[in-house]
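The values are calculated or read from the model by the stated rules, or taken from the named source; none is laboratory data. These numbers come from a predicted model, not from an experiment. Heads up, the Cβs are rebuilt from the backbone with ideal geometry, glycines too, and the neighbour counts pull from every protein chain shown.
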Amino acid sequence: MAKILVLYDTQSGNTRTMAEAVASAARELPGTEVTLKTVDDADPRDLFEHDGIAVGSPTWCGQMTWKLKRFFDDGLCAWGKVEDKVGCAFSTSGGQGGGSEMTCLSLLSVMLNYGMLVFGVTEYSSPGMTAHYGAVAVGEPDDRELAACRMLGRKLVQHVHRVKGN
Ligand SMILES: Cc1cc2nc3c(=O)[nH]c(=O)nc-3n(C[C@H](O)[C@H](O)[C@H](O)COP(=O)(O)O)c2cc1C
């Protein structure tokens, strides 16, 4: 069983739409249990209970939101104890070039610091659309951006099974 947590913050719903796409793609794969949580409802101890963690944030000044930063800063109980967890990131920004990939990197950077195994995706979900640093979107995600979110969710499950030796 791959236990997946899709954790996100959102102010106007765009990141939630991405999170739902990541979660629904993960859920379609056999042997998967998926929990979708906003950062408001999450506790750092949730990290212990999952094998794969996708974290999504709106791009705020090129970084994750303060709520997600606080979640990880308050989550030091998990630091160094989640080394077998697989992590990935997704973000929506106001405009192209607005920093969504930097926001993914800010999320991946914290997960690296926690000791997690993080990944990007080499494949293209459609012509001109990939998720090398995580799935990204501009504003409300369109169909191509949602396809990249689904690709990220599938990859997360595949990597979890690989790490668990299933
Ligand atoms: C405080 C704040 C900072 C933001 N900073 C950026 C930014 O640096 N670059 C950008 O392109 N958009 C920025 N935006 C726009 C949001 O990233 C964008 O509207 C996003 O789609 C919102 O996602 P949400 O609906 O999940 O809240 C910012 C919005 C807010 C409220």
Among Cys61, Cys104, Cys149, which is surrounded by fewer than 13 Cβ atoms within 10 Å (Cβ to Cβ), within 16 Å of the ligand (Cβ to nearest atom) and under 18 Å from Asp9 (Cα atoms)? Cys61
Quick one: in the range 64-81, which of the residues that are modelled with pLDDT under 95 and part of a loop (DSSP other than H, G, I, E, B) is surrounded by the fewest Cβ atoms within 10 Å (Cβ to Cβ)? Gly80
Of the criteria (1) at pLDDT 95 or above; (2) more than 24 Å from Gly139 (Cα to Cα); (3) in a loop (DSSP other than H, G, I, E, B); (4) not aromatic (Phe, Trp, Tyr), which one Pro30 fails: (1)
Please give the number of the condition Ser57 fails out of (1) within 16 Å of Leu5 (Cβ to Cβ); (2) free of Cβ contacts under 8 Å to residues at least 40 places away in the same chain. (2)
Exactly one condition in (1) within 27 Å of Glu49 (Cα to Cα); (2) surrounded by fewer than 20 Cβ atoms within 10 Å (Cβ to Cβ); (3) touching a residue at least 24 places away in the same chain (Cβ under 8 Å) is not met by Ala89; state its number. (2)
Please determine, by comparing only the residues of the range 1-27 that are farther than 18 Å from Lys69 by Cβ and not in a helix (DSSP H, G or I), which one is farthest from the ligand (Cβ to nearest atom). Met1
Among the residues of the range 46-58, which ones are buried (at least 17 other Cβ atoms within 10 Å of the Cβ) and either of a type in the set (Phe, Trp, Tyr) or away from the ligand (no atom under 16 Å from the Cβ) (or both)? Asp46, Leu47, His50, Asp51, Gly52, Ile53
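For the range 32-45, give me each residue that is more than 16 Å from the ligand (Cβ to nearest atom) and either under 14 Å from the mean Cα position of the chain (by Cα) or crowded, with 24+ Cβ neighbours inside 10 Å (or both).
Val34, Thr35
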